[in-house]
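First the structure, in the form of C-alpha cells, and then the observations on it.
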Amino acid sequence: MKVKVGSRMYQMSRKEYQGLLEVAKEQVPFGVYAVEKSDYAELRRDVCESKTKLKELTRQFKLQGFKVWSNGR
C-alpha cells in the first residue's frame with residue numbers, strides 16, 4: 001500500500017503500516033492521526049482543541065470516503 005508521511009510517499013505492506021499507526025497514535029493525544037482509503041493512507045497530525053472540532057474534522061474526511069483514525073478524550 002502507499003503511505004504518505006509529510007510530503008513523502010512510501011510503499012509498504014499492510015503489516016508495516018499497522019506498526020506505523022501504533023507510533024502515530026502515541027504522537028497525537030487528541031485529534032486525527034491518519035486517514036486511509038483502499039490502498040492509500042496518509043499520516044496526519046491534526047490536533048483538535050475540542051470534541052466538536054474533532055467531530056467536524058472526522059466528518060469532513062468521511063465525506064471524502066476516508067476511514068479516519070483519531071484519538072479522543
* Structure fact -> Exactly one of Q11, Q18 is under 13 Å from the mean Cα position of the chain (by Cα), surrounded by fewer than 17 Cβ atoms within 10 Å (Cβ to Cβ) and not hydrophobic (A, V, I, L, M, F, W, C), and that one is Q18
* Asked: assigned to a helix (DSSP H, G or I), among the basic types (K, R), under 9 Å from the mean Cα position of the chain (by Cα) and surrounded by 12 or more Cβ atoms within 10 Å (Cβ to Cβ): does that describe K62?
  -> no
* Asked: How many of the residues in region 35-50 are hydrophobic (A, V, I, L, M, F, W, C) and touching an Asp or Glu at 6+ places or on another chain (Cβ under 8 Å)?
  -> 1
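Return a yes/no flag: does region 29-41 have any residue that is out of contact with any strand residue (DSSP E or B) (no Cβ under 9 Å at 6 or more places or on another chain), modelled with pLDDT under 95 and not charged (D, E, K, R).
Quick first cut of region 29-41, residues out of contact with any strand residue (DSSP E or B) (no Cβ under 9 Å at 6 or more places or on another chain) only: 38.
Those still in the list that are modelled with pLDDT under 95 too: 38.
Within this subset, residues satisfying the condition of being not charged (D, E, K, R) are 38.
Checking region 29-41: at least one residue is out of contact with any strand residue (DSSP E or B) (no Cβ under 9 Å at 6 or more places or on another chain), modelled with pLDDT under 95 and not charged (D, E, K, R).
The values are calculated or read from the model by the stated rules, or taken from the named source; none is laboratory data. Since we're looking at a predicted model, the values are computed, not measured. Backbone-built Cβ (ideal geometry, glycine too); neighbour counts: all protein chains shown.
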